[in-house]
Amino acid sequence: MDKTSARIAVVPGDGIGVEVTAEAIKIVRCIGDVHGRGFELVVMPWSAEHYLKSGETMPPDGYTMLRDEFDAIFIGALGDPRVPDNRHARDILLGIRFELDLYVNIRPVRLLDDRLCPLKGRTAADVNFIVFRENTEGLYVSIGGRFKPNTADEVAVQEEINTYKGVHRIVRHAFEFARANRRQTVCMADKSNAMTAGHALWQRVFKEVAAEYPDIAARHLYIDALALLMVQDPSQFQVIVTNNLFGDIITDLGAALQGGLGLAASGNLHPGRTSMFEPVHGSAPPLAGKNVANPMGAILSAALMLQYLGLAKEALAIEAAVNDAVVAGQGTKEIGGALGTRETGDYIARTIQELYH
């Protein structure tokens, strides 16, 4: 899809989500002005504050509205100690993923500056891969329960769901991405030596799909071996595909390799349909309102969104401006800078404007 204009739903959420989202939207407006693109950004009030005031997490027609009336969804971060069970976050974030069938979670892991990598002797050339996480099945489907809860006899059961359809489409997406982007290897990670039923399906599907892509080297690793090798030698990975739980874990490890959660972007996709984009860090309530949160993960998530909408040139311009800011040390304290959240966004916006004037 190539959008000269786009209608985007914005859910700033809670805590620092509100602040980093404001900077991401600033950059989207800036890139729109520079490139003559029209973006209609519609801010939704859904948040812990909204839930506490109204008792509503999302309106009854919320998912349908997002799917039918918007080209993309941008979310900040959700979570507030005033809602201990995170009911609103579950309905908004997980609800959108499941109701819109956003089965692809994409997490780029790219080191922007050598000094930010915690691994000795590793450079930006060593940390540059993509993780595709299955996003609608696995252990996150809330199938299970507790028997005799809060007693010494408590039994808790949590079931993992794997379907041929679900595994097949995420594995095929990984191979299609690799081919389209000239990536030469795809690694699938499971725990089929211990989870012999569900992950036998992953094994079967991976071999079946890999056979259709003889130009791409297919590799299998157990998830614990993958975690070890990501630390020992991340340069060997180009595309990784795995299930919901394992993907959740190793992408945070990947974020550490690239300099921290504040730099990590993600997208939740159903190719060809309305999809959702978000930074991966939490809402960090103690930091809210202090102008200290790193907005770069949110801004890079906005770049992913524009890429998805067919605006590759605009997405690359945002990535280049963020890269410039990181290398120049023009960011928040966690990446060695001295700027606040707003000032970091301002620097990146100025860089974009200077690129085109």
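See the values below:
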item: Neighbourhood charge, 13 Å Cβ-Cβ cut-off, centred on Met195 and excluding it, Lys, Arg +1 and Asp, Glu -1; result: -3
item: Residue among Leu226, Ala210, Val109 farthest towards the positive dipole end of the chain, charges placed on Cβ; result: Ala210
item: Within a Gaussian network of the chain (alpha carbon springs, distance under 10 Å), most fluctuating of Pro285, Pro234, Pro295; result: Pro285
item: Dipole in debye (nearest 20) - the range 283-357, about Cα centre, beta carbon charges: Lys, Arg +1; Asp, Glu -1; result: 180
item: Of the GluC sites (Glu not before Pro) in the range 114-189, those whose Cβ has at most 14 other Cβ within 10 Å and which sit in DSSP loop; result: Glu154, Glu159
item: In sequence order, calculated HN-Hα J values of the range 197-209 (Karplus, 6.51, -1.76, 1.60; Hz; x Gly/Pro); result: 8, x, 8, 5, 5, 4, 4, 4, 5, 4, 5, 5, 6
item: Probe 1.4 Å, accessible area per residue of the range 1-107, Å²; result: 41
item: Length released on extending from Asp153 to Glu212, taking residue separation times 0.36 nm less the Cα-Cα span; result: 16.2 nm
item: Highest-first arrangement of 9-15, 343-349, 140-146, where packing means the average Cβ count within 10 Å; result: 9-15, 343-349, 140-146
item: Environment charge at Arg342 (Cβ cut-off 9 Å; Lys +1, Arg +1, Asp -1, Glu -1); result: -3
item: Candidates Val43, Val239, Val20: whichever shows maximal mean-square fluctuation once the chain is modelled as a Gaussian network with Cα springs under 10 Å; result: Val43
item: Share, in percent, of DSSP beta bridges within the chain that are antiparallel, nearest 5; result: 40
item: Accessible carbon and sulfur surface of the chain relative to its total accessible area, %, 1.4 Å; result: 52
item: Whole-angstrom gap from the range 263-314 to the range 7-40, using each part's C-alpha centre; result: 10
item: Rel. contact order, % - alpha carbon contacts under 8 angstrom, at least six apart, the chain; result: 24
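The values are calculated or read from the model by the stated rules, or taken from the named source; none is laboratory data. This is a predicted model, so every value here is computed, not measured. Virtual Cβ from ideal backbone geometry, glycine too; neighbours counted across all protein chains shown. The protein model used for the area step is the full one, side chains on, heavy atoms only, and it has no ligands, DNA or RNA in it. Shrake-Rupley method; radii C 1.70, N 1.55, O 1.52, S 1.80 Å.
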